[in-house]
1. Please give every one of the lysines within straight-line cross-link reach of K270, meaning a C-alpha to C-alpha distance under 21 Å, and leave out same-chain neighbours fewer than 8 residues apart.
2. What accessible area, in Å² to the nearest ten, does a 1.4 Å probe give for H147?
3. Roughly how many whole Å is it from the C-alpha centroid of region 31-103 to that of region 224-288?
4. Could you rank S197, S257, S301 by how accessible they are, 1.4 Å probe, largest area first?
5. For the chain, take the longest principal axis of its alpha carbons; what is the angle in degrees between that and the long axis of helix 113-131, to the nearest 10 within 0 to 90?
6. For I93 and T241 in the same chain, what is the full-extension length gain: residue separation times 0.36 nm, less their Cα-Cα distance, in nm?
7. Report the residues of region 260-281 in range of a label on H223: point 7 Å along Cα→C-beta, backbone N strictly under 20 Å from it.
8. When the chain is fully extended, how far beyond the present Cα-Cα distance does K159 get from S118, taking 0.36 nm per residue of separation?
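The values are calculated or read from the model by the stated rules, or taken from the named source; none is laboratory data. Because the structure is predicted, anything quoted here is derived from the model rather than measured. Don't worry about glycine lacking a Cβ; one is built from the backbone with ideal geometry, like all the others, and counts go over all protein chains shown. When the accessible area is computed, the model is the full protein with side chains, heavy atoms only, and any ligands, DNA or RNA have been set aside. Shrake-Rupley method; radii C 1.70, N 1.55, O 1.52, S 1.80 Å.
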Amino acid sequence: MQKLEKSDELIVLEFMEKRQALPNKKMEKRRKYLSKGYEGELEFIKWFNEYQPGNWVLVINYWFKDDYTMQADFILLSSYQWIVIDVKNYDGIYRYNGHGEGWLNDLKLNGDNFLTLSNRTNSIRNIAQGIDPHIQVTSAMIFINQHNEVFIEVPVQAKVVKRDQLKRYLQGLPRVAPMPDWELGDVIQVLNTHKTSYGIPFEAMAPEDFGQLRKGIYCPKCHEYDMEFRHDYVKCRNCGTTEKNGEIIYRHAIELSYLFYKHPEMVSTKNIYELIDEKISKRTIRTYLSSYFKPIYKSVSTYFVVNRP
């Protein structure tokens, strides 16, 4: 089964937040929104693994291109039925009215959730029927938050599933035969022809913004900056997590590659040395970087090409 990964956008925003470099409240609000969505999707996967009747194949976080780029949080696959799943992790009272408007705690949400789900379902239906015209494609919107009340004031095409209904919904899915490997392979191959990457819809940071980053080594577990430095490792005074020098250097190279993803030249010995507040020698940093990544030599400097996980 696929593993749910954080989007590149969320990873960049989280790094910016840890380095106290989010430029405005709008970006902080976006980080919280994406983080909340990610937590909800993780929760759905947990429920799916526990309660679905077996043999359904779960496609996770499928970005695809039709007339424009769209995303399906999940697609459930079987030989003759697909279900497009949208997960909402709303906290509070959600209302959807006859004007195509969604409201959360008296705040109007952007867009029309159910129209968006209908559009992406129609696009995925076209993909499915290009494989086999007998495949039926339906959709469901899952409201997964335990503190969410849902009021849908007009009929909608999608199945609406609240958290207290989710177990019964999953257990009530039709019992389907396992998809043969060759069939699943054909389906995945077709899905991949339409698949696209979402990327990051903003520049993140420019080289001149490097000075805005909080410097130091924060704990990879609790994210506190209170570290005890030893010869070849550090220990978090808050939670006790230890990390060796090589792991620290690798982690910070990854961090720089995200923060400055349009500027790969920023992953350099000098910048990592400054980012970690000069706590590890340049010589040690250079040695580890050369063992992990491909160096690119320029006339006056060297940077390292990072293949992000």
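1. K18, K215, K244, K262, K279, K282, K294, K298
2. Accessible area, nearest 10 Å²: 110 Å².
3. Spelled out, the Cα-based centre of one part sits 36 Å from the other.
4. Ranked list, largest accessible area first: S197, S301, S257.
5. With rounding to tens, the tilt is 80 degrees.
6. 49.3 nm
7. Counting backbone N atoms under 20 Å from the label point, the list is 260-261, 275-277.
8. This chain segment gains 13.6 nm when fully extended.
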